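Colleague: My questions all concern the structure below.
The values are calculated or read from the model by the stated rules, or taken from the named source; none is laboratory data. Small disclaimer: the values here were computed from a predicted structure and weren't measured. Note that each Cβ is placed from the backbone with ideal geometry, even for glycine, and that neighbours are counted across all protein chains shown. Protein only, heavy atoms only, side chains kept; ligands, DNA and RNA dropped before computing areas. Shrake-Rupley method; radii C 1.70, N 1.55, O 1.52, S 1.80 Å.
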Amino acid sequence: MAPGPHTRKLLALAAPTSLAMPTRIGHASQLVDELTEMLLVSNGFHAFEGALVVRAADGSESGLDAWNDAASWRSDYGDLADGLVFFAEDVFGGQFAIDDRSVVTFDPETGARSTLATSIEGWAEAVLEDFPLLTGHPLAREWQEQNGALPPGRRLAPVIPFVLGGAFSVDNLRAVADVQGMRERATLTTRIRDLPDGAQLPWPLGAA
């Protein structure tokens, strides 16, 4: 099963990040097979000026296995991350993941997941059709024009979380290590989930 035309088009725009052959990904499923086929062509890559990162299945510290390890950031989300294999992310750390039936987005600020596609090919098509929204490319470009290239392993996290009214602007963005950014927002997610109806969450967390 070779990658479809949209997946091949996305790969043509991408810069590879690993030359290793893909290692085995999680449990067997149709979507895992499709993800593996894409990674056989390019085992990890970034596109849209680094706004989109697809992780390599290569056993590295930044690869799929480490990113999905229960000892890493995903444990901070508890059951919100159950059943997901996280394989890619946008410039803000918004995750793309696969479950048993679909490709989903995972909001790091709320833990909400939304179905985006039913195949890796469908995911690639969606990204190509709406990459400004799905990858955050316009802000990624603007931030890098002002601050230089975003280093590997870093994402742009909002100073004031978007879910709390933070602006989608360069002035509200800071470069953070990818794991750190996820863990910080997992704390926010937990606080939001435990918040009584109608209550407002103070920011920074812990403020009166």
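Colleague: Rounded to the nearest 500, what is the 222 nm mean residue ellipticity of the chain from helices alone, with -39500 (n - 2.57) per DSSP H run of 4+ residues and division by all residues?
Modeller: -9000 deg cm²/dmol
Colleague: Would you work out what percent of the accessible area of segment 30-142, with all protein chains in place, is carbon or sulfur (probe 1.4 Å)?
Modeller: Values: 2060 of 4210 Å².
Carbon plus sulfur share of accessible area: 49 percent.
Colleague: In percent, how large is the relative contact order of segment 36-189, given Cα pairs closer than 8 Å and 6 or more residues apart?
Modeller: Numbers: 241 pairs, mean separation 31.9, N = 154.
For segment 36-189, the relative contact order is 21 percent.
Colleague: Moving on. How many angstrom lie between the Cα centre of segment 137-208 and the Cα centre of segment 24-94?
Modeller: After rounding, the separation between the Cα centres reads 21 Å.
Colleague: Rounded if a/c is under 1.5, else prolate if a/b is larger than b/c, else oblate: which is segment 16-78, with a ≥ b ≥ c the root eigenvalues of its Cα gyration tensor? Walk me through the numbers on the way to the answer.
Modeller: Values: a/c = 1.69, a/b = 1.20, b/c = 1.41.
The shape class here is oblate.
Colleague: Need the full-extension length gain, Q30 to R191, defined as separation in residues times 0.36 nm minus the C-alpha distance. One decimal, nm.
Modeller: On the way: separation 161, 0.36 × 161 = 57.96 nm, distance 3.54 nm.
Working it through step by step, the gained length comes to 54.4 nm.
Colleague: Identify the trypsin sites (Lys or Arg not before Pro) of segment 1-53 meeting these criteria: DSSP loop state and at most 15 other C-beta atoms within 10 Å of the C-beta.
Modeller: On the way: sites: R8, K9, R24; in loops: R24.
Counting only loop positions with at most 15 other Cβ atoms within 10 Å, the trypsin sites (Lys or Arg not before Pro) in segment 1-53 are R24.
Colleague: What is the gain in length, in nm to one decimal, between L19 and D100 on full extension, counting 0.36 nm per residue of separation less the C-alpha to C-alpha distance?
Modeller: Between L19 and D100, full extension yields an extra 26.4 nm.
Colleague: For segment 1-132, what does the alpha-carbon gyration tensor say about shape, rounded, prolate or oblate, given a ≥ b ≥ c as the root eigenvalues, a/c under 1.5 as rounded, and a/b over b/c as prolate? List each step's numbers first, then the result.
Modeller: Values: a/c = 1.37, a/b = 1.22, b/c = 1.12.
It comes out rounded by the Cα gyration axes.
Colleague: Return the distance in nm (one decimal) between the two label points of a simple spin-label model at A2 and Q180, each offset 7 Å from Cα along Cα→Cβ.
Modeller: That separation, rounded to one decimal, is 4.4 nm.
Colleague: Pick from R101, R155, R193 the residue whose mean-square fluctuation is largest in a GNM of the chain, springs joining Cα atoms under 10 Å.
Modeller: Taking springs between Cα atoms under 10 Å, the residue moving most is R193.
Colleague: OK, next. Can you compute the FRET efficiency between E142 and E61 using 1/(1 + (r/R0)^6), with r the Cβ-Cβ distance and R0 = 35 Å? Round to the nearest 0.05. Numbers along the way, then the final one.
Modeller: On the way: r = 29 Å, r/R0 = 0.84.
Computed FRET efficiency for E142 and E61 comes out at 0.75.
Colleague: Okay, next question. Could you work out the relative contact order of segment 10-83? I mean the mean sequence separation of Cα pairs under 8 Å and 6+ apart, divided by the number of residues, in percent. Could the numbers behind the result be given before it?
Modeller: On the way: 90 pairs, mean separation 20.3, N = 74.
Relative contact order comes out at 27 percent.
Colleague: In nm, to one decimal, how far is the A167 label point from the S75 one, both placed 7 Å along Cα→Cβ?
Modeller: Taking the simple label geometry, A167 and S75 are separated by 3.9 nm.
Colleague: Turning to a different aspect of this structure: Under 1.5 on a/c is rounded, so check that first for segment 86-208, then, if it is not, pick prolate when a/b is larger than b/c and oblate when it is not; a ≥ b ≥ c are the square roots of the alpha carbon gyration tensor eigenvalues.
Modeller: Details: a/c = 2.02, a/b = 1.18, b/c = 1.71.
Taking the square roots of the gyration eigenvalues as a ≥ b ≥ c, segment 86-208 is oblate.
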